[in-house]
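Below: the structure, in structure tokens.
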Amino acid sequence: MPVAELRRRVGNVDEVDAEVALAGAEVIGTRLVDGTEARVKLRLEALSDGVVIGGSAEAEWTGECRRCLEPVSGVTNGEIDEVARPYPLDGELGIEDDRIDVTEAVRAAVVLGLPLAPLCREDCAGPDPEGHPVTVADDADDGPAETEERPPDPRWAALAEVHPDR
């Protein structure tokens, strides 16, 4: 991303809409679509010794439903908040030949937005709903009310005798 014109005066601002090519990235079975290009919207602001980069990135992902293992896909969104300098400090982007390579910042933003355990749909019952039923927090009829006290686990009964409050 060229920044020579932007850096001519402190406070200059540039809005950039671009696409950044990302090689594959994966998080526990959820991965970016092969050959994907992340769509980025960035705001660049010149500093006396660098450039502040803020904005968002989105990319398409694919994976398997955590319950039924059917293919599932979607779009991940991530926020970008970086600083680039000619002599970068730890964790900052570098400015080389009046250009900033934002690829790794974009990759980090979209990977952080990937779902860890996606569902094909919210009410997915899984491959064997009879043998392995899925319980949902809204199923208040299935368990004891939260105000009711559950009986203590008998394996911990001996500890109840040692507890100073009892």
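The values are calculated or read from the model by the stated rules, or taken from the named source; none is laboratory data. Everything numeric here is computed off the predicted structure, so don't read it as measured data. Positions of Cβ are backbone-derived with ideal geometry, glycine not excepted, and every protein chain shown enters the neighbour counts. In case anyone asks, the SASA skips ligands and DNA or RNA and just uses the protein heavy atoms, side chains included. Shrake-Rupley method; radii C 1.70, N 1.55, O 1.52, S 1.80 Å.
Exactly one residue among Arg9, Arg67, Arg99 is open to solvent by 50 Å² or more (accessible area, probe 1.4 Å), touching a Gly at 6+ places or on another chain (Cβ under 7 Å) and either of a type in the set (Phe, Trp, Tyr) or modelled with pLDDT under 90 (or both), and that residue is Arg67.
Any residue at all in the range 118-136 that is at pLDDT 85 or above and in contact with a Leu (Cβ under 6 Å, 6 or more places away or on another chain)? No: zero hits. Does Pro144 qualify as being modelled with pLDDT under 65 and either surrounded by 13 or more Cβ atoms within 10 Å (Cβ to Cβ) or in a loop (DSSP other than H, G, I, E, B) (or both)? Criteria met by Pro144. Taking first residues from the range 38-50 that are over 8 Å from Val13 (Cβ atoms) and partners that are open to solvent by 60 Å² or more (accessible area, probe 1.4 Å) and of a type outside the set (Ser, Thr, Tyr), the Cβ contacts under 6 Å between residues at least 6 apart in sequence or on separate chains come to Arg39/Glu19; Arg39/Glu58; Lys41/Asp17; Ser48/Val10. Would you confirm, using the coordinates I've provided, whether Ala25 is at pLDDT 85 or above, of a type outside the set (Asp, Glu) and surrounded by 14 or more Cβ atoms within 10 Å (Cβ to Cβ)? The answer is no for Ala25. Applying the condition of being among the charged types (D, E, K, R) and more than 24 Å from Ala46 (Cβ to Cβ) to the range 102-126 and asking which residue is surrounded by the fewest Cβ atoms within 10 Å (Cβ to Cβ) yields Glu122. Output the residues belonging to the range 34-64 that are assigned to a loop (DSSP other than H, G, I, E, B), open to solvent by 40 Å² or more (accessible area, probe 1.4 Å) and closer than 27 Å to Leu6 by Cβ. Within the range 34-64, Leu47, Ser48, Asp49 meet the criteria.
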